[in-house]
Structure formats: structure tokens, C-alpha cells
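Contents: one structure, followed by commentary.
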Amino acid sequence: MGIISNRTPVLLLTGFGGQERALELAEPGTVVVHHDLSGLREGLVVRSEATVRPDGVAEERVALLELAHGCVSCTLREDLLPLLRTLHRRASVRRIVVRLDPILEADAVRHAIEHVVVEMVGAVPGPAARDVEVTGTIGFVAGATWLDDALGEEDLGERFPVPDDDERTVAQLAVGHAQSADLLVVTGDSPDPARLRAVLRRLAPGAPIARERAALGDLLPRLAPPRPPVEPFGPLLPGCPPLDPDGDVRLIEFSARRPLHPGRFHEAIDVLLDGVVHARGRIWLATRPDEAFWLESAGAGLRVGAAGPWLAAGGEGPPERWAMASAAWDEAHGDRRTDLVVLAAGADPNRIVETLRWAELTPAELAAGPAAWAAWHDPFGAMHADPCEDLAPAPGHEDRADEEMA
């Protein structure tokens, strides 16, 4: 027997276009909510609520909101989350459809619903998830342009009005929209539909892929169960994506049991910025023996940031993390290792692996030990983003090249 929940189901719609079809779901008992963020830079947000009365007549209420800070998180915290809790209290509301603005990421919205505390008059303080439950995300993919967007380097601000401090890229949003979806709807014609489908199957494994001619209401039974978010110390290939290559599309797995030289790795990551849709994984830098780093890329943009301590350095984690680490525990270095997964679409897989392997310490460098590693130049701060300005060659780079040639 299933668990009966009195929480109101919430369906998220995301993408660079297509979310306007949310009104197809505005049947009696459903409320469609949309926050238009095109005026966010000026601190203005237009919120609309579309409902269908029992007699079938559609009604839409529009409100103009002023957000002095002009930030996306303020929109969620100050309006969307309280609105979800309010709608739950209406007896006539059986489902909520949230039509997300193109610059909003479904995973971030879902996280906010589940974790951000909302304080309301007459309600117990807590996250919106006390009252509502995200049951799925529909991601709309523009067939004609999505692959170019996902492989590109265009800043988000070049296409959408976003706050000046928003440094995200179009590729980051394009990849995120598809990756978070439990059902993908391809709109328009793709110049290479087989290639697009191959990428999407590996980016959002398990999510059915439908064409736009299908009615949204008919597609709802095909929604895959929501996937848990990828955690820095969790599995890097959740959902069992296809591992076999499909044309020039393939998943590449890279592992290294020796730490990476920070200078060489800084140069090596450029190989992930061309012909790669997405990359993610854990990094062991020789100059940072206690802390794991997390790498994530989309198109020509990449970031490397601190992920937390290794278990061998006193880190903590759930039993699942300990079980996964113990399966490959090293007597000397514990769970320290580098593991990366790369979704390539056009990039040479052999070049990617060879370039990343070049960044791994040589046996001689490994034998020199942590005291020697600590003296090396480290271009990685708490958060590092690429592309960035070129840096001087790292000490030991030339030595490694000589050793490889010997």
C-alpha cells in the first residue's frame, strides 16, 4: 500500500522556450504560477496565476512585485515559496504548475522548496515542502539550437536581462534545464535529431523524450520518478546512462589514484572546454591533501571549487559514502582519488584521457611527498572558473614533459 500524502503536488516546467504551454495543464483544480523575471534588473517581477473554474472558465490574476535587491533568490524566498504554501491551503487547489522563467534552474527551485524556511502569519515556520511536493520536472529543449547552446560560451547576460553580478552562461542553463528534467519535450526541428537524442539520453538518463506535438496532459503519465541531485561524494553516473558511444557522443570516465599536479591540471582542463557538453567529478590536488575539489563544466565554462574533506582527512558522511569509499580504499591515501565523467559531443576521447593523465603526478613526484608538493604553485583558490587569464607555467611542467619523452 502506498503512502498517502496530503501535500499538494507541484510540477515544474523549465527551458528556454515552451513553458508557455503550461496553460494546457490549467484544468479545474490546477493553478499555473509564473514569475516573469525580464524586469528583474530593475527590481520588478510580474507574477501571474492562471486557474480554471469548475465551469471551465479560465481566470488569470496578475500582480506587479517590487524586489529592491533585484535577485533571483529574493523572488523565491519572498514570493514563490509563501505563495506555494498559501495555495496549498485553498480547498479548490489540487495541483500547482510552476512555469519557470528561463533564467531559473529547476534544481535550485526544488532545493529551495525543500530546505528554505518560510515564515508566514498563521502557519508553522518551515520549508514549503511541509505543504507541497515536487512530483516532476518537464524540460523543454529547443531542437534547432540546444546543442549549439550546450556547447557554446555565450554569457547568460548576452541573451537575457539578468543582474550584473550573474556570471552564468547559456550553456550552464541549457545543460541544467535538461539535466534536471524527468520528462523532456523537444520543440522544433533539430539539424541532427539522432545526435541530440544521444546527448539527452546520457545527460538525463531515464527521462522519456517526447516531441512537441504531444499534448502535455497526455505526457504526464510518462514522467520518470524524480532523480536525487548529484552529490560531490556520491555516484557520478546515476540513472544508468548508456555507456556505449553513439556517433561522436559518448561518456568518458577518467580515474587517477595519484594526485594531480595543480599547474599541469590547470592547463589540462582546457581540453574540457571544446566539444564537451558536460563534465563533473572529484579532484585530488597534490597541494590540497585534506580537501576534495569538485569540478563541473557546461560548454566552454568550467568551475572548480572546494567540496569538503576526504574521509581519510577526518571528513564525515552517510553510510553510503563510507561504503563507496571502502570499496576502493587505499592503505596509504584512503579515499583520496580523482574521478571524472565527461559527456563529449565532438571531442576526441583519447585526447581528453591523455591530457588529464598528463596532469597526474609521476612516480618520482609522488615519492617526493607532501612537503615538496606544498611548495608548488597552486592556481586554484576556493573557487576557480575557466576560461581565465593564462598563468606562468607551473614548476615541474617541463620535468614531466621530459619524463614522458624518455
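Every number in this text was worked out from the coordinates using simple rules, so none of it is lab data. From a predicted model like this one, the values you see are computed outputs, not experimental measurements. Don't worry about glycine lacking a Cβ; one is built from the backbone with ideal geometry, like all the others, and counts go over all protein chains shown.
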Between residue 322 and residue 60, what FRET efficiency follows from the Cβ-Cβ distance if R0 is 60 Å, with the result rounded to 0.05? 0.70
The stretch 237-354: antiparallel DSSP beta bridges as a percent of all, rounded to 5: 95
Fraction of beta bridges assigned by DSSP in the chain that are antiparallel (%, nearest 5): 65
Between residue 222 and residue 312, what FRET efficiency comes out of the Förster formula 1/(1 + (r/R0)^6) with R0 = 30 Å and r the beta carbon distance, rounded to 0.05? 0.10
Using alpha-carbon positions, the gyration tensor of the stretch 227-370 gives root eigenvalues a ≥ b ≥ c; with a/c under 1.5 called rounded, otherwise prolate if a/b exceeds b/c, else oblate, the class is oblate
Here are labelled values, (1) 24, 52, 21, 2, 0; (2) 28, 62, 10, 0; (3) 28, 54, 17, 1, and one is the computed P(r) over Cα pairs in 20 Å bins from 0, in percent for what I pasted. Which one? (1)
Once R0 is set to 30 Å, what does the formula 1/(1 + (r/R0)^6) return for the Cβ-Cβ distance between residue 116 and residue 144, expressed as a FRET efficiency to the nearest 0.05? 0.25
Where a label projected 7 Å from the Cα of residue 74 along Cα→Cβ would reach, residues of the stretch 1-40 with amide N under 12 Å: 40
Report the extension gain between residue 270 and residue 5 in nm, rounded to one decimal, defined as 0.36 nm multiplied by the number of residues separating them, less their alpha carbon distance. 90.6 nm
Please list, by residue number, every one of the GluC sites (Glu not before Pro) in the stretch 287-365 that is coil in DSSP and has at most 10 other beta-carbon atoms within 10 Å. 316, 331
Taking every other residue with Cβ under 14 Å from the Cβ of residue 59 and scoring Lys and Arg +1, Asp and Glu -1, one gets -1
Along the Cα→Cβ direction, 7 angstrom out, place labels at residue 243 and residue 154. What is the inter-label distance in nm? 3.6
Mean Cβ-within-10 Å packing, highest first, puts peptides 150-159, 185-194 in the order 150-159, 185-194
